[in-house]
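Asks: My questions will all concern the structure given below.
The values are calculated or read from the model by the stated rules, or taken from the named source; none is laboratory data. Keep in mind the model is a prediction, meaning the values are calculated, not measured. Methodologically, a virtual Cβ is constructed for each residue, glycine included, from the backbone with ideal geometry; neighbour enumeration extends over all protein chains shown. Note: accessible area is taken over every heavy atom of the protein model, side chains too, but ligands, DNA and RNA are not part of it. Shrake-Rupley method; radii C 1.70, N 1.55, O 1.52, S 1.80 Å.
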Amino acid sequence: VRDRSYLYYILYIGSFGLYQVSVNGLGVQYFWPDSPWWANASTPFLIGAAGFFGCQFARSFLHTRTHSPWIDGTLMALMGLGVLTMALSLTSSYALALRLATFLALWFILAIFVAGVVAWHRGMRVARYFMIAWTTFLIGGQINTLMVLGYLPHTFFTMYAGQIGSAIEVALLSLALADRINAMEEERAMMLEETGRKLGQMNRELAESNR
């Protein structure tokens, strides 16, 4: 269908997946064991990349430029912050880049959630999947955070709640993209049906005028 949302979605999932790999130590163990510099820089860099592509995916998927210009402007500002985070992670200190990445992540989550709520409120069909996906991701992240802070016991579920939530998010966003295709096909079919009806009416009027 040549929908750019798929490209942005893949880049977001790829960036976020590599971020998970860098955080849980698998990156150093399997992917870049001989690069301690990248092992430090990868976490804020990948957060910046995930924020950048995640915002662009939301803009494309929810059509924020058309329906919510102020949300679209906020997402574009966060995309700029994502680029800055990636640049600082490669050129500046790890501590500074990580602080900026943390700031970006907090505002990114809030902005995406608000964008989904507004789109759902305005009747966008695909926004329901979008909102459920992000809510699941946020719940998983909150459970993991509460475990780290000591408010929840250290179990397999609480330890990997963030990864479980993000996996469910990926599945639901995939369903949202599939539902978007169905909506496009239904809209195209309705347009063809309306065009056929109008063409038939014009033919009847033309035939009557020639009598």
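Asks: Among (1) open to solvent by 60 Å² or more (accessible area, probe 1.4 Å); (2) over 21 Å from Ser60 (Cα atoms); (3) part of a helix (DSSP H, G or I); (4) among the hydroxyl-bearing types (Ser, Thr, Tyr), there is one condition Tyr151 misses while meeting the rest; what is its number?
Replies: Just one mismatch for Tyr151, condition (3).
Asks: For segment 26-48, which positions are under 19 Å from Arg99 (Cβ atoms) and among the hydroxyl-bearing types (Ser, Thr, Tyr)?
Replies: Ser42, Thr43
Asks: Of everything in segment 18-35 that's of a type in the set (A, V, I, L, M, F, W, C) and either part of a helix (DSSP H, G or I) or touching a residue at least 60 places away in the same chain (Cβ under 8 Å) (or both), which residue is most open to solvent (accessible area, probe 1.4 Å)?
Replies: Result: Phe31.
Asks: Out of all the residues in segment 76-91, is one or more surrounded by 14 or more Cβ atoms within 10 Å (Cβ to Cβ), in contact with a Lys or Arg (Cβ under 6 Å, 6 or more places away or on another chain) and modelled with pLDDT of 90 or more?
Replies: The answer is no; no qualifying residue exists.
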